[in-house]
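These notes are about the structure you will find just below.
The values are calculated or read from the model by the stated rules, or taken from the named source; none is laboratory data. This one's a predicted model, so the numbers in the text were calculated from it and none came from an experiment. Please note: Cβ atoms are built from the backbone with ideal geometry, for glycine as well, and neighbour counts cover all protein chains shown. Calculation scope for accessible area: heavy atoms of the full protein, side chains included, ligands and nucleic acids excluded. Shrake-Rupley method; radii C 1.70, N 1.55, O 1.52, S 1.80 Å.
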Amino acid sequence: MEAHPLVTEYLRLGLAFDRLEEGFVDAFTGDPELRRAVQNAPAPEPAELARRAAALRAELPGAGLPPERAEFVEVHLRALECSGRKFAGAEIGFVDEVRAYFDVEIAPGDEAVYREAHRKMDEVLPGDGSLAERITAHRKADEIPPERLRDCVAAFSGALRERVRERFPLPDSEHVTYEVVGDKPWSGFNYYNGGYHSTVAINSDLRQQMANLPHLIAHEAYPGHHTEHCRKEAGLVAAGQDEQTLFLVNTPQCLMAEGLADLALKAVIGPGWGLWAQEIYADLGLRFDGERAEQLAAASAGLLGVRQDAALLLHDRHRDADEVAGFLERWALTTPERARQSLRFLSSPLWRAYISTYVEGYRLLGGWLDEAADAAARADRFRRLLDEPLTPGALRRELTVA
């Protein structure tokens, strides 16, 4: 199937951003000759990339793409135009930057909601000392012994993969390779290699907790990022939607993917995931209180917006790092070390706005999934997230109609 000329130019443009910032292209499974041509071309000028994105947007209405594809390409060109301007040194407000990248509006959260979350967490973890001290002690006790991490990863990956392949079939050849790495600003990362294979890196600098690991594997692999990449490659890409061969940082694609991935464990296991995980840990000889973990997760759900508020403090209100770290320690009930790790992510030029993909992605996709009439309809909606080129705007329209 012959590639659409405008889509090819979109791919060429997106690939050029990796020349400005390595890692901007999260994944590319398209024509290797196109990538080589971009890599061998003269170094791009950021302002020229911004102008090219704007020009391609202007050409879109007459390009003859079906509406769904045209909308997908349009919002991604808008994000690339903003990135080009940022790389060129333009002053763009943080809220405007997030809007251009991810097609969402953000605002500070309500500290009353955070206080209520703390109250609920206090009920789940009663005892002596402050809530922060109890949470820290609980998290410490919940850490996976480093020498058991690989066994735990393999166990949860296998269990989730089996569930996912029953509900959302995958190509027979798909597989995930897990690596333990260090010196990274994130907890885990999926590198999609194409051909239905992902490498998932898990950060050893952050001691992984038993309550978090099922979410991490679901997020990065089954039925999260790896599953989405595989099904879109087998479906959309095979059908000629070449724009789906490119996955770029700081685009609406990321908000959709991170929202999907953060809802992945809920989609495939649902209520009762704690006891399900407890049984797997017991088979490994590890003690885990799954019921309490699930209760604590539900109680702490109100803290979703804390890290986005920290980003607003840092980049919109221009508060210093110490104040932002203190904000994270107070409301996220995190240690100074964890707060500084979060600051490292929020301060990265490439990743500084990315926290909004988790916060707003979870809210938008979660609200859309919650409008499903029953469990079967919810599963169908999650399948659409895996298979269709949906955008934040497309979901908002469906929510408005509903």
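Pairs, please: C-beta under 7 Å, at least 6 apart or cross-chain, first residue without any contact (Cβ under 8 Å) to a residue 60 or more places away in the chain and in the range 253-270, second in a loop (DSSP other than H, G, I, E, B) and buried (at least 24 other Cβ atoms within 10 Å of the Cβ)?
Here the result reads 261/224; 264/223; 264/224, each pair linking the range 253-270 to a residue that is in a loop (DSSP other than H, G, I, E, B) and buried (at least 24 other Cβ atoms within 10 Å of the Cβ).
Within the range 98-112, does at least one residue satisfy the condition of being at positive phi and open to solvent by less than 70 Å² (accessible area, probe 1.4 Å)?
Our first condition is that a residue be at positive phi; within the range 98-112, this holds for 103.
The next check asks that each one be open to solvent by less than 70 Å² (accessible area, probe 1.4 Å); those that pass are 103.
Yes, some residue in the range 98-112 is at positive phi and open to solvent by less than 70 Å² (accessible area, probe 1.4 Å).
Filter the range 44-58 down to residues that are open to solvent by 20 Å² or more (accessible area, probe 1.4 Å) and in contact with a helix residue (DSSP H, G or I) (Cβ under 6 Å, 6 or more places away or on another chain) and give me whichever is farthest from residue 4 (Cα to Cα). Can you show your working first?
To start, the set of residues in the range 44-58 that are open to solvent by 20 Å² or more (accessible area, probe 1.4 Å) comprises 44-48, 51-52, 54-55, 57-58.
Narrowing the set further to residues that are in contact with a helix residue (DSSP H, G or I) (Cβ under 6 Å, 6 or more places away or on another chain) leaves 44, 46, 52, 54, 57.
Numbers: 44: 23, 46: 25, 52: 17, 54: 18, 57: 15 Å.
Among residues in the range 44-58 that are open to solvent by 20 Å² or more (accessible area, probe 1.4 Å) and in contact with a helix residue (DSSP H, G or I) (Cβ under 6 Å, 6 or more places away or on another chain), the one farthest from residue 4 (Cα to Cα) is 46.
Testing residue 170 on (1) in a loop (DSSP other than H, G, I, E, B); (2) open to solvent by less than 30 Å² (accessible area, probe 1.4 Å); (3) farther than 23 Å from residue 389 by Cα, one condition comes back false. Which one is that?
(3)
Residues that are out of contact with any Lys or Arg (no Cβ under 7 Å at 6 or more places or on another chain), within 30 Å of residue 89 (Cα to Cα) and of a type outside the set (Phe, Trp, Tyr): list the helices (runs of 4 or more DSSP H) wholly contained in the range 284-402 that include at least 1 such residues. Walk me through how you get there before you give the answer.
On the way: elements: 290-299, 306-311, 321-331, 336-347, 355-370, 375-387, 392-401.
Output list reads 306-311, 321-331, 336-347, 355-370, 392-401.
Take the residues of the range 295-309 that are of a type in the set (Gly, Ala, Ser) and within 18 Å of the chain's Cα centre (by Cα): which is farthest from residue 338 (Cα to Cα)? Please lay out each step first, then the result.
The initial filter retains those residues of the range 295-309 that are of a type in the set (Gly, Ala, Ser), namely 297-302, 305.
Narrowing the set further to residues that are within 18 Å of the chain's Cα centre (by Cα) leaves 301, 305.
On the way: 301: 18, 305: 17 Å.
Step by step, filter the range 295-309, then rank; the result is 301.
Taking only pairs six or more apart or across chains, which ones have beta-carbon atoms under 7 Å, a first residue in the range 329-349 that is of a type in the set (S, T, N, Q), and a second residue that is part of a helix (DSSP H, G or I) and surrounded by fewer than 20 Cβ atoms within 10 Å (Cβ to Cβ)?
Here the result reads 335/136, each pair linking the range 329-349 to a residue that is part of a helix (DSSP H, G or I) and surrounded by fewer than 20 Cβ atoms within 10 Å (Cβ to Cβ).
On the basis of being free of Cβ contacts under 8 Å to residues at least 12 places away in the same chain and either over 28 Å from residue 232 (Cα atoms) or part of a helix (DSSP H, G or I) (or both), does residue 116 make the cut? Full working, then the answer.
Details: free of Cβ contacts under 8 Å to residues at least 12 places away in the same chain: no; either over 28 Å from residue 232 (Cα atoms) or part of a helix (DSSP H, G or I) (or both): yes.
For residue 116, the condition - free of Cβ contacts under 8 Å to residues at least 12 places away in the same chain and either over 28 Å from residue 232 (Cα atoms) or part of a helix (DSSP H, G or I) (or both) - is not met.
Does residue 233 fit the bill of being open to solvent by 10 Å² or more (accessible area, probe 1.4 Å), of a type outside the set (A, V, I, L, M, F, W, C), within 29 Å of residue 6 (Cβ to Cβ) and touching a Gly at 6+ places or on another chain (Cβ under 6 Å)? Write out each step before concluding.
Values: open to solvent by 10 Å² or more (accessible area, probe 1.4 Å): yes; of a type outside the set (A, V, I, L, M, F, W, C): yes; within 29 Å of residue 6 (Cβ to Cβ): yes; touching a Gly at 6+ places or on another chain (Cβ under 6 Å): no.
When the stated conditions are applied, residue 233 does not pass them.
Of everything in the range 356-389, what is closer than 13 Å to residue 304 by Cα and touching a Phe, Trp or Tyr at 6+ places or on another chain (Cβ under 9 Å)? Give them in sequence order.
Scanning the range 356-389 gives 356, 357, 360, 361.
For residue 203, only one of the following conditions fails: (1) without any contact (Cβ under 8 Å) to a residue 40 or more places away in the chain; (2) surrounded by 21 or more Cβ atoms within 10 Å (Cβ to Cβ). What is its number?
(2)
Mind checking whether some residue in the range 78-88 is out of contact with any strand residue (DSSP E or B) (no Cβ under 9 Å at 6 or more places or on another chain) and not in a helix (DSSP H, G or I)?
From the range 78-88, those out of contact with any strand residue (DSSP E or B) (no Cβ under 9 Å at 6 or more places or on another chain) are 78, 81-82, 84-88; that's our starting set.
The next check asks that each one be not in a helix (DSSP H, G or I); those that pass are 88.
Yes, the range 78-88 contains a residue that is out of contact with any strand residue (DSSP E or B) (no Cβ under 9 Å at 6 or more places or on another chain) and not in a helix (DSSP H, G or I).
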